[in-house]
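Quick notes on the structure that follows.
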Amino acid sequence: MKIGFIGLGNMGGPMAANLAKAGHDVTGFDMADVAIDGVTMAASGAEAATGADVVITMLPNGNILRAVANEVIPAMSKGAALVDCSTVDVDSARAVAAQAAEAGLLAVDAPVSGGIGGAAGGTLTFMAGGSAEAFAKAEPLFDIMGQKAVHCGESGAGQAAKICNNMILGVTMIATCEAFALADKLGLDRQKMFDVVSTSSGYSWTMNAYCPAPGVGPTSPADNDYKPGFASELMLKDLRLSQQAAESADADTPMGKIATALYEQFVESEDGLGTDFSAMLPRFEKRSRET
Ligand code: NAD
């Protein structure tokens with residue numbers, strides 16, 4: 001396939017390289033001056049999109065996605081697909097999909113989980129929204145860049161799945177960390193805490209697979225001085241998207257709201273910026289009930 005790839009950062013760069021390695025003809029564009037193995041660089045997004053069967057975007061946020069879509073949609077051929085893999089707000093995903101449909105294009109919102117390691121290793125999970133025809137066109141590319149793609153429903157459903165998942169993740173990480181900090185103060189050994197909770201009804205992915213306590217459970221960023229991993233500021237971005245979606249859908253999400261406020265405080269007023277999102281545990285350790 002002829003593929004245009006716009007946004008060749010930490011995630012997009014290795015994803016585009018994997019498509020080129022699999023034999024696709026990939027033309028890329030990024031505002032920054034980057035070079036990616038096997039990818040021909042274009043001078044603009046429109047140039048990268050011209051003549052492409054599929055245009056993939058991997059950008060920082062919904063406003064940038066909307067601006068890039070305004071530029072590339074007119075350059076795309078009818079029947080081509082616009083596949084956005086960025087994590088953006090549901091409203092932007094739906095607006096861009098509607099704009100693409102009006103221009104006779106297929107559109108898929110397909111945010112990912114799996115992080116930079118998954119992008120490099122071709123093991124991402126894609127959660128996709130769009131028509132069956134649009135999903136079918138993008139699926140062979142998901143198979144190269146990832147290990148699993150779930151068609152979640154119509155446009156916006158991929159972003160909805162992503163932010164609901166990450167809202168659970170943020171809330172659960174906080175719950176796991178505050179429970180460890182309480183256990184410390186109660187004199188409970190962390191390993192014993194893990195042994196019990198990981199096999200009891202308090203178990204979760206954050207406890208069992210990504211334990212925030214160093215030296216306990218499987219190897220995780222906690223064992224590497226809380227270097228990300230999944231950075232606290234990216235968790236904050238996704239939590240904010242969950243609250244933006246909750247506002248626009250009139251959904252009551254009290255735990256998501258508190259998690260957003262806590263990560264905001266951690267990243268913006270404390271020392272959370274640049275740390276893994278599990279560094280909530282040392283944060284709670286340092287605090288007492290009234291602080
Ligand atoms: P990044 O900042 O490394 O990459 C974004 C790239 O987009 C940059 O290279 C930037 O120069 C480029 N860009 C910005 N505006 C542009 C424009 N107008 N035209 C062309 N290029 C432009 O970010 P990333 O870590 O690669 O993340 C990309 C997306 O993936 C984000 O939406 C993020 O939330 C999501 N995501 C990231 C991770 C992760 O672990 N990094 C995991 C899952 C999802």
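Per-residue ellipticity at 222 nm computed for the chain from its helices equals -15000 deg cm²/dmol, with DSSP H segments shorter than 4 residues left out and the rest contributing -39,500 (n - 2.57). Judged by the ratio a/c of the largest to the smallest principal axis of the C-alpha gyration tensor, the stretch 30-123 counts as oblate, that ratio being 1.5 or greater while a/b is no larger than b/c. Annotation note: trypsin sites (Lys or Arg not before Pro) in the stretch 1-88 located in DSSP loop regions with a Cβ neighbour count of at most 13 within 10 Å are 78. The angle between the Cα long axis of helix 232-249 and the main principal axis of the chain comes to about 70°, on a 0 to 90 degree scale. What does the charge dipole of the stretch 160-286 about its Cα centre add up to, to the nearest 20 debye, if the Cβ of each Lys and Arg holds +1 and the Cβ of each Asp and Glu holds -1? That gives a dipole near 200 debye.
Using unit Cβ charges (K, R positive; D, E negative) and no other charged atoms, how large, in debye to the nearest 20, is the dipole of the chain about its Cα centre? Could the numbers behind the result be given before it?
Values: 19 positive and 34 negative charges, 84 e Å.
Using only the charged Cβ atoms, the result is roughly 400 debye.
Note on residue 150 and residue 196: their simple-model spin labels are 3.2 nm apart, each label 7 Å out from Cα toward Cβ. Neighbours of residue 39 by Cβ distance under 11 Å: Lys/Arg scored +1, Asp/Glu scored -1, total -2.
When DSSP assigns beta bridges and you keep just the ones with both residues in the chain, what percent turn out antiparallel, to the nearest 5? Let's see the in-between values first.
On the way: 4 of 29 bridges.
So the antiparallel bridges in the chain amount to around 15 percent.
Listed peptides 187-200, 235-248 appear in the order 235-248, 187-200 once ranked by packing, highest mean of other Cβ atoms within 10 Å at the front. Gaussian network model of the chain, Cα springs within a sub-10 Å range: biggest mean-square fluctuation belongs to which of 156, 117, 129? The residue that fluctuates most here is 117.
Amide H contacts for residue 41 (H built 1.01 Å from N in the peptide plane; partners 5 or more residues away or on another chain; cut-off under 5 Å): 28. Here the Karplus relation 6.51 cos²θ - 1.76 cosθ + 1.60, evaluated at θ = phi - 60°, turns the backbone of the stretch 3-19 into coupling constants of 10, x, 10, 10, x, 10, x, 4, 8, x, x, x, 5, 5, 4, 5, 5 Hz, with x for every Gly and Pro. Averaging the Cα positions of each part gives two centres, and for the stretch 33-75 and the stretch 77-97 these lie 12 Å apart. In the full protein context, the stretch 2-154 carries 40 Å² of accessible surface per residue, based on a 1.4 Å probe and ignoring ligands, DNA and RNA.
Taking only protein heavy atoms and a 1.4 Å probe, the accessible area of the chain is 55% carbon and sulfur.
Largest GNM mean-square fluctuation across 203, 263, 226, computed for the chain with C-alpha springs under 10 Å, falls on 203.
Can you classify the chain as rounded, prolate or oblate using the Cα gyration tensor, where a ≥ b ≥ c are the square roots of its eigenvalues, rounded means a/c under 1.5, and otherwise it's prolate if a/b beats b/c and oblate if not? Cα axes put the chain in the prolate bin.
Which residue, 30, 184, 53, tops the fluctuation ranking in a GNM of the chain built on C-alpha contacts under 10 Å? Result: 184 has the largest fluctuation of those listed.
Which value, in Å² rounded to 10, gives the accessible area of residue 131 with a 1.4 Å probe and all protein chains present? Estimated to the nearest 10 Å², residue 131 gives 40 Å².
The values are calculated or read from the model by the stated rules, or taken from the named source; none is laboratory data. Worth saying up front: this structure is predicted, and the values here are computed from it rather than measured. With ideal geometry, Cβ positions are generated from the backbone for all residues, glycine too; neighbour counts draw on all protein chains shown. For the accessible areas, the whole protein counts, side chains as well, though only heavy atoms, and no ligand, DNA or RNA atoms are used. Shrake-Rupley method; radii C 1.70, N 1.55, O 1.52, S 1.80 Å.
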